[in-house]
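Reviewing the structure listed below.
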Amino acid sequence: MKRSFTTLMIAVGFAAGAIAQEEAKESMLPEFAAVDENEDGALDQAEIGALNEMLKDTEVAFEFETADANEDGLIDETEYAEYEEMLS
């Protein structure tokens, strides 16, 4: 499973607070456009909900790929324990 650079930067940057605000803004432009369904240049409550779901899915995918050390699509007990240790 390969991640795009933009997806990786969003997941890492927002989760860790590691990228500058301007870089975060630039990396979010495709996602903003994707959820701005009426293309009015602004997000309403439903569109913000869609953006939150997209970011949540990206974060979950990133964390799963990080924990799945042998890349078999599963997280076994050892991988889980190592991932938890890495987080603490």
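List of remarks:
- Residue within region 69-86 that is β-branched (Val, Ile, Thr) and at pLDDT 90 or above present: yes
- Pairing residues of region 39-61 that are under 29 Å from LEU74 (Cα atoms) with residues that are modelled with pLDDT under 90 and exposed (fewer than 11 other Cβ atoms within 10 Å of the Cβ), at Cβ distances under 9 Å and at least 6 apart in sequence or on separate chains, gives ALA61/MET1.
- Of residues in region 64-88 being surrounded by 11 or more Cβ atoms within 10 Å (Cβ to Cβ) and touching a residue at least 12 places away in the same chain (Cβ under 8 Å), the one nearest to VAL35 (Cα to Cα): GLU65
The values are calculated or read from the model by the stated rules, or taken from the named source; none is laboratory data. Keep in mind that what you see is a predicted model, and the values were worked out from it rather than measured. Glycine gets a Cβ as well: all are built from the backbone with ideal geometry, and neighbour counts include every protein chain shown.
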